[in-house]
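Q: If you scroll down you'll find the structure; I have some questions about it.
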Amino acid sequence: MPHVHIDYSANLEAGVDMGALCEAIRATAAEIETFPTAGIRVRATRVDHVAMADGDAEHGFIDLSLRLREGRSEQVKHDAMTRIFDALKDFVAPAMESRSIALSVELREIDATFSAKFGNVRDHMVDQT
């Protein structure tokens with residue numbers, strides 16, 4: 001793992017390619033040594049109903065949730081969160097030049113006792129890492 005879930009306001013779709021953002025975040029996560037490539041999941045969910053700040057319907061947001069299985073040091077977690085947040089900020093910088101967008105990231109640890117995993121993704125990867 002990590003699992004990355006991006007919630008974003010629907011009004012950003014015209015100016016931010018969410019599929020490309022998912023790929024940019026995946027590529028960044030794949031560069032982080034403690035993340036097994038086969039465990040990376042990035043998904044984005046459009047949020048149609050939003051009320052922000054002063055009520056201006058043009059305000060947009062991207063909220064990124066990074067979930068990791070427990071056991072990594074504070075330094076590793078902080079580094080991972082920072083690198084992924086930097087990738088998000090870099091990706092949306094062009095859109096932020098012309099409109100208001102609020103960005104946020106939160107890292108949460110998953111208690112392995114209460115998190116079951118099963119799959120065969122590794123069996124179908126060219127590079128089995």
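The values are calculated or read from the model by the stated rules, or taken from the named source; none is laboratory data. Just so it is clear, the structure is predicted and the values come from calculations on it, not from any experiment. Here the Cβ positions follow ideal geometry from the backbone for every residue, glycine too, while neighbour counts run over all protein chains shown. Protein only, heavy atoms only, side chains kept; ligands, DNA and RNA dropped before computing areas. Shrake-Rupley method; radii C 1.70, N 1.55, O 1.52, S 1.80 Å.
Q: Across the stretch 1-23, which residue is nearest to ILE84 (Cα to Cα) among those that are open to solvent by less than 10 Å² (accessible area, probe 1.4 Å) and part of a helix (DSSP H, G or I)?
A: LEU21
Q: If a residue has to be within 22 Å of PHE91 (Cα to Cα), open to solvent by 70 Å² or more (accessible area, probe 1.4 Å) and either touching a strand residue (DSSP E or B) at 6+ places or on another chain (Cβ under 7 Å) or in a strand (DSSP E or B) (or both) to count, how many in the stretch 56-79 make the cut?
A: Qualifying residue count, the stretch 56-79: 1.
Q: State which residue pairs qualify: first residue open to solvent by 70 Å² or more (accessible area, probe 1.4 Å) and inside the stretch 83-107, second residue assigned to a helix (DSSP H, G or I) and not aliphatic (A, V, I, L, M) in any location, beta carbons under 8 Å apart, and separation of 6 or more residues or different chains.
A: ARG83/THR28
Q: Across the stretch 24-41, what is the total count of residues that are under 21 Å from ASN120 (Cα atoms) and either part of a helix (DSSP H, G or I) or open to solvent by less than 40 Å² (accessible area, probe 1.4 Å) (or both)?
A: 9
Q: Kindly list the number of the only condition in (1) open to solvent by 50 Å² or more (accessible area, probe 1.4 Å); (2) modelled with pLDDT under 95; (3) of a type in the set (S, T, N, Q) that fails for THR45.
A: (2)
Q: Checking the conditions here, which among ASP54, ASP111 is charged (D, E, K, R) and modelled with pLDDT of 90 or more?
A: Working: ASP111 fails: modelled with pLDDT of 90 or more.
None of the other options fit; the residue is ASP54.
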